[in-house]
Amino acid sequence: MEDLVLSHSDPATGLPVGPRDARPAGDYTSEQVLAAVLASVDDDKAEDIVQIDLRGRSDVADYMVICSGRSSRQVAAISEKLADRMKEQFSILAKMEGKETGDWVLIDTGDVIVHVFRPEVRDFYQLEKMWMPGSAHRGA
């Protein structure tokens, strides 16, 4: 299967560039997708999981999840499995960017934007600091 690729993401914000794809109403909620994302990354032993509520702050997505993998291989595996689970559970064809290098993978599920980093890359970009003020909490 061919991965869908985002046109690009904004390195300053970590969000995909462009409008959110429409989805059929009533099939699932953004909270259900968030719960499935958090369960998936936790199952795959992602570390330092942070969820951020973007509602009212961004039109791109309702939530952002940021987590780390210990190696490029684990980052890619977490990302691939997440995309597979989104397709199985919700018929979401998640768009992915960065899987080839495995340093920072962005997965766009529509309602939830997921960033999977190697720890050093995450420390460098510090996306949480930009988005967290009073709106995020650690843990799944």
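Annotations
- Within the range 97-117, the set of residues being at pLDDT below 95 and either assigned to a helix (DSSP H, G or I) or not charged (D, E, K, R) (or both) comprises 98, 101, 102, 109, 110.
- Screening residue 123 with (1) assigned to a loop (DSSP other than H, G, I, E, B); (2) at negative phi; (3) not hydrophobic (A, V, I, L, M, F, W, C) gives one miss only, at (1).
- Out of 90, 117, sole residue that is of a type in the set (Phe, Trp, Tyr), within 14 Å of residue 45 (Cα to Cα) and touching a residue at least 12 places away in the same chain (Cβ under 8 Å): 117
- Verdict on residue 61 being part of a loop (DSSP other than H, G, I, E, B), surrounded by 14 or more Cβ atoms within 10 Å (Cβ to Cβ) and modelled with pLDDT of 90 or more: yes
- Positions within the range 64-92 being outside any helix (DSSP H, G or I) and either buried (at least 20 other Cβ atoms within 10 Å of the Cβ) or at negative phi (or both), in sequence order: 64, 65, 66, 67, 68, 69, 70, 71, 92
- The range 36-49: number of residues that are of a type in the set (A, V, I, L, M), in a helix (DSSP H, G or I) and closer than 25 Å to residue 123 by Cα: 4
The values are calculated or read from the model by the stated rules, or taken from the named source; none is laboratory data. Please read all numbers here as calculations on a predicted model, not as lab measurements. When we count neighbours, we look across all protein chains shown, and the Cβ atoms used for this are built from the backbone with ideal geometry, even at glycine.
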